[in-house]
Amino acid sequence: MNLQTGIRTYYKAFLSLVLVLLLLSSQSVEAQKVEPPVSRETLKITLPRAKEATLKNGLRVVVLEGYDQLPTFTMQMVILSGGLSEPSDQRGLANFTAALLRDGTRTRTSREIAEQVESLGASLNANSDLSSFTTTVTASGLVQNFDRALDIFADVILEPAFLAGEVEKYKTRTASQLQQQRTNPNFLAQERFSRAIYGEHPAGITSPPLDSLKKTSPADLTRFHAANYLPNNAILAVVGQVTLKEILPKIEREFGDWKRGDAPRTEIRPTPAQSAPKIYLIDRPGSVQTVLQLGYLGIMRTDPDYFALLLMDKVVGNDPAARLFKNLREAKGYTYGAYSSFNSSKFRGTWAASSEVRTAVTDGALKEFMYELGRIREERVSTEELGNAKRSLVGSFALSLERPQTLLQNIITQKLYNLPADYWDTYPQKVAAITAADVQRAAQKYVDLAHLQIVAVGDAAQIRDVLAKYGTVESFDSEGKLTKATDNK
């Protein structure tokens, strides 16, 4: 059996497991004694292992061979430096560096890169978030164009020119985008929420400061690139209709002369102690909607509570069938949708719930949010809810194995967080093992009402008094400047 056929077989096995879960979990079980309806061994499969090699300069190469029924490939260079590696007075430098990789090299202009990528029917993108410990450069296309795509891919990674003219054009475009995003109420909510949770921690900044962008020079970009884009500070992962034996010589040809070095150590700062509950009001006069975001500090990616919080989040709001959606949309008609989500990294992430509601029902919506936050803490989830959440997670995971990009990210996640080699093999087991008691324990630990942070973006004249019923209110304008502090007590 070849690898492609093998992966399809594993995929079908996962779908069969989902069906088994669907049938067997309908058995009557006491809500406080929910056990996985299928044995852990039944849920365990062995996915094909990626093959690995390391070049003499230290570049780690990870290849998942023969994946995807189509003759395509996806490759990602992961530089182990990102926004968290930036100087404190140059926030956004990692993002600027990544964004400008495509804007010209020593042998190709920005236009030539764009035209050549388009002619191959390929894609080429690079990114680094402000609170990320990595930078990623990703390319995908048809296997028949792998050599040509790899040549461009290597060129933008190794030889970016950071020409003054391109840098100035980028700064002009980005400055306009930074100003434009301040008209988006969801951005304003996320910006203030991040600041409320993280304070001066790097994760507290949602977008690059405009003054940092303006003062960034080609020399700054060149220095950051030279210090951090190093082969022994990177992982190259490839998935698709390729083999390690076939592409390793090509990778060595393109990256073998890349000089190793000592990248600055990335400091993962601990998250700050959480402040008392507070409400942050961003005034948008005349707004017909209020954007609400409520949440707390969450967990790190390797936290033992990861799967308990995953199930809790699924039950509360990470699904159209979850409690928030059913309550605020279907039962009350306050909104088109209400959801929750959580994120995690090498520092503690957040868990948050959010919705856009009509201004007139801001008070009612907040009451329902508070009701659902209290309910998930105080009551154990029902057998039906827990079973539905498990089936949804396992089913989504099974379907994700059909997408090369998802599988590539799974491999990279396993490497970056030093997860066990069988981590993804046992994913369904880990989900199935979570009990109603585990969900309640996670809720009582992370739905932290003593440190609840609430952000509301809307017409202050209409909603300030409503918000004051729930605690201390601080008011800001759309530029993020404090305009008024009010204590309701």
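Please work out if residue 366 is in a helix (DSSP H, G or I), out of contact with any strand residue (DSSP E or B) (no Cβ under 8 Å at 6 or more places or on another chain) and closer than 25 Å to residue 296 by Cα.
So residue 366 does not fit the description; no.
As an exercise: evaluate residue 276 against (1) modelled with pLDDT under 95; (2) surrounded by 17 or more Cβ atoms within 10 Å (Cβ to Cβ) and give the number of the one condition it does not meet.
In the conditions (1) modelled with pLDDT under 95; (2) surrounded by 17 or more Cβ atoms within 10 Å (Cβ to Cβ), residue 276 misses (2) alone.
Name every residue in the range 416-427 that is surrounded by fewer than 16 Cβ atoms within 10 Å (Cβ to Cβ) and either not in a loop (DSSP other than H, G, I, E, B) or not small (Gly, Ala, Ser) (or both), in order of residue number.
417, 418, 419, 420, 422, 423
Got at least one residue in the range 176-197 being in a loop (DSSP other than H, G, I, E, B) and more than 28 Å from residue 223 (Cα to Cα)?
Yes, that holds for at least one residue.
I'd like to know if the range 283-295 contains one or more residues that are under 16 Å from the mean Cα position of the chain (by Cα) and in contact (Cβ under 8 Å) with a residue 40 or more places away in the chain.
Within the range 283-295, not a single residue is under 16 Å from the mean Cα position of the chain (by Cα) and in contact (Cβ under 8 Å) with a residue 40 or more places away in the chain.
Between 286, 261, which is part of a loop (DSSP other than H, G, I, E, B) and not assigned by TED's automatic domain parsing to the domain that holds residue 414?
Just one listed residue meets the conditions, 261.
For the range 84-125, what are the residues that are surrounded by fewer than 22 Cβ atoms within 10 Å (Cβ to Cβ) and either in a strand (DSSP E or B) or of a type in the set (S, T, N, Q) (or both)?
Once the filter is applied, which keeps residues that are surrounded by fewer than 22 Cβ atoms within 10 Å (Cβ to Cβ) and either in a strand (DSSP E or B) or of a type in the set (S, T, N, Q) (or both), the range 84-125 yields 88, 90, 107, 109, 110, 116, 119, 123, 124, 125.
Which residues, taken from the range 296-351, are among the charged types (D, E, K, R) and touching a residue at least 40 places away in the same chain (Cβ under 8 Å)?
Result: 301, 303, 305, 314, 319, 323, 346, 348.
Looking at residue 198, is it of a type in the set (Phe, Trp, Tyr) and over 18 Å from residue 108 (Cα atoms)?
It is true that residue 198 is of a type in the set (Phe, Trp, Tyr) and over 18 Å from residue 108 (Cα atoms).
I'd like to know if the range 408-423 contains one or more residues that are modelled with pLDDT under 95, among the β-branched types (Val, Ile, Thr) and out of contact with any strand residue (DSSP E or B) (no Cβ under 9 Å at 6 or more places or on another chain).
The answer is no, given that none of the residues of the range 408-423 is modelled with pLDDT under 95, among the β-branched types (Val, Ile, Thr) and out of contact with any strand residue (DSSP E or B) (no Cβ under 9 Å at 6 or more places or on another chain).
Looking only at residues in the range 154-170 that are small (Gly, Ala, Ser) and over 22 Å from residue 61 (Cα atoms), which one is surrounded by the most Cβ atoms within 10 Å (Cβ to Cβ)?
Residue satisfying both the conditions and the ranking: 161.
Report, by residue number, each residue of the range 473-486 that is touching a Ser or Thr at 6+ places or on another chain (Cβ under 7 Å) and in contact (Cβ under 8 Å) with a residue 24 or more places away in the chain.
Correct list: 473, 475, 476, 477, 483.
Picking from 461, 468, 437, 432, which residue would you name as being assigned by TED's automatic domain parsing to the domain that holds residue 348, surrounded by 16 or more Cβ atoms within 10 Å (Cβ to Cβ), among the aliphatic types (A, V, I, L, M) and more than 26 Å from residue 198 (Cα to Cα)?
Just one listed residue meets the conditions, 432.
Can you tell me which residue among 99, 154 is hydrophobic (A, V, I, L, M, F, W, C) and over 24 Å from the mean Cα position of the chain (by Cα)?
From the options 99, 154, the qualifying one is 154.
Being surrounded by 15 or more Cβ atoms within 10 Å (Cβ to Cβ), free of Cβ contacts under 8 Å to residues at least 60 places away in the same chain and either of a type in the set (Val, Ile, Thr) or not in a helix (DSSP H, G or I) (or both) is the requirement here; does residue 357 meet it?
no
Tally up the residues in the range 434-486 that are over 24 Å from residue 210 (Cα atoms) and assigned to a loop (DSSP other than H, G, I, E, B), please.
Qualifying residue count, the range 434-486: 10.
Answer yes if at least one residue in the range 335-343 is touching a Gly at 6+ places or on another chain (Cβ under 6 Å), crowded, with 24+ Cβ neighbours inside 10 Å and assigned by TED's automatic domain parsing to the domain that holds residue 460, and no otherwise.
yes
Taking the condition touching a Gly at 6+ places or on another chain (Cβ under 7 Å) and either without any contact (Cβ under 8 Å) to a residue 60 or more places away in the chain or not assigned by TED's automatic domain parsing to the domain that holds residue 109 (or both), does residue 126 pass?
Taking the combined requirement at face value, the residue does not satisfy it.
Among residues belonging to the range 296-305 that are surrounded by fewer than 19 Cβ atoms within 10 Å (Cβ to Cβ) and under 13 Å from residue 346 (Cα atoms), point out the one that is farthest from the chain's Cα centre (by Cα).
Applying the filter and picking the extreme gives 303.
Quick check on the range 377-393. Is at least one of its residues within 18 Å of the chain's Cα centre (by Cα) and either at pLDDT 90 or above or not β-branched (Val, Ile, Thr) (or both)?
Yes: the range 377-393 contains one or more residues that are within 18 Å of the chain's Cα centre (by Cα) and either at pLDDT 90 or above or not β-branched (Val, Ile, Thr) (or both).
If the Cβ limit is 9 Å and pairs must be 6+ apart or interchain, which residue in the range 139-161 that is over 11 Å from residue 255 (Cβ atoms) and touching a residue at least 60 places away in the same chain (Cβ under 8 Å) pairs with which residue that is of a type in the set (Asp, Glu) and not in a helix (DSSP H, G or I)?
160/103
Within the range 239-256, identify whether any single residue is surrounded by 15 or more Cβ atoms within 10 Å (Cβ to Cβ), within 22 Å of the chain's Cα centre (by Cα) and under 30 Å from residue 432 (Cβ atoms), and answer yes or no.
Among the residues of the range 239-256, at least one is surrounded by 15 or more Cβ atoms within 10 Å (Cβ to Cβ), within 22 Å of the chain's Cα centre (by Cα) and under 30 Å from residue 432 (Cβ atoms), which makes the answer yes.
The values are calculated or read from the model by the stated rules, or taken from the named source; none is laboratory data. Predicted, not measured: the structure shown is a model, and the values here were computed from it. Counting neighbours? That spans all protein chains shown, and the Cβs are built from the backbone with ideal geometry, glycine included.
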